[in-house]
Amino acid sequence: MSIKQPLFNSDTMVRDIVLQFPKASDYFKTNKIDFCCGGTKPLRAAADERGLDAGAVIGDLYKLVEEHPVLEEETVWNGASSEALIGHIVSKHHRYLREELPLIGQNVSKVFHAHGEGSPHLAKVYRLFNQLKDELLEHTAKEEAQDFPSILAYEQKGDEQSLAALRGALHHLEEEHNAAGNILRQLREVTGDYTPPEHACTTYRLTYTRLEELEGMTFEHVHLENNILFPRYQA
């Protein structure tokens with residue numbers, strides 16, 4: 001089994017680092033660096049936004065490379081067929097959203113109604129989450145009903161006209177991804193990086209944990225589409 005040697009520096013796009021070295025996504029999530037919607041920027045700029053030293057980040061990443069060599073199967077989605085990649089997105093990420101969003105919503109609602117009077121920011125958390133939930137469920141349903149079938153149809157017998165239409169649809173999907181990313185950034189800001197107050201009950205703390213997990217899963221989901229699937233059909 002062959003091992004890849006990723007090569008990147010502070011001028012490399014964040015998304016390209018994750019494409020070369022998937023383990024970097026865990027590091028970026030821990031350090032609150034967006035590698036999906038915000039991944040089209042050099043690592044130096046992304047580190048600056050988080051108040052991090054780009055050289056130190058590069059050092060951390062290459063230490064991870066030494067500890068976690070990149071095996072071929074770890075970058076399997078880069079070279080997988082669009083059909084296989086779409087199947088993975090639907091079975092893992094769309095399923096996660098359908099199952100988890102209603103459950104997270106119950107927690108958000110319970111915490112808001114129980115603690116909203118003493119923690120006014122929970123009203124904004126409640127509003128933002130429900131906006132995000134509605135948009136993500138509508139987005140994934142449309143992908144499965146329209147956009148993904150269009151991609152697979154083009155793979156079978158596409159022409160320039162259908163490619164132009166597909167590119168327009170993908171551009172719209174990316175705009176929806178950006179909108180979701182913006183809501184996630186607001187949720188992180190209003191919750192103080194998902195840090196519950198000292199008096200928070202177990203449900204309060206669990207809600208923040210599940211919201212942060214949702215952010216991480218959404219980053220992975222959007223990365224697979226924006227950075228791997230969609231570029232196959234864009235100019």
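How much of the calculated P(r) for segment 184-225 lies past 15 Å, in percent of all Cα pairs?
Counting every Cα pair in segment 184-225, those more than 15 Å apart make up 44 percent.
Which one of GLN234, GLY116, LEU166 has its Cα pushed farthest toward the positive end of the charge dipole of the chain, where Lys and Arg give +1 and Asp and Glu give -1 at the Cβ?
Result: GLY116.
Over the chain, what is the mean sequence separation of C-alpha contacts under 8 Å (at least six apart), divided by residue count, expressed as relative contact order in percent?
25
Got the relative contact order for segment 47-147 handy, in percent, Cα pairs under 8 Å and 6 or more residues apart?
Averaging sequence separation for qualifying contacts and normalising by length gives 20 percent for segment 47-147.
Would you please name the GluC sites (Glu not before Pro) within segment 175-235 that are DSSP coil residues with at most 12 other C-beta atoms within 10 Å of their C-beta?
When the GluC sites (Glu not before Pro) of segment 175-235 are filtered for loop state and at most 12 Cβ neighbours within 10 Å, GLU198 remain.
Kirkwood Rh, the chain, all Cα pairs: how many Å?
Taking the inverse mean of 1/r over all distinct Cα pairs, the chain comes out at 19.2 Å.
Would you look at the GNM of the chain, springs on alpha carbons closer than 10 Å, and say which of LEU85, LEU170, LEU64 moves the most?
For the chain, modelled as a Gaussian network with Cα springs under 10 Å, the answer is LEU64.
State to the nearest 20 debye the size of the charge dipole of the chain about its Cα centre, where the only charges are +1 on K and R beta carbons and -1 on D and E beta carbons.
420
For VAL70, list long-range residues whose amide hydrogen, built 1.01 Å from N in the peptide plane, is under 5 Å from its own amide hydrogen.
LYS4
Every number in this text was worked out from the coordinates using simple rules, so none of it is lab data. This is a predicted model, so every value here is computed, not measured. Quick reminder, even Gly has a Cβ in these numbers, built from the backbone with ideal geometry, and neighbours come from all protein chains shown.
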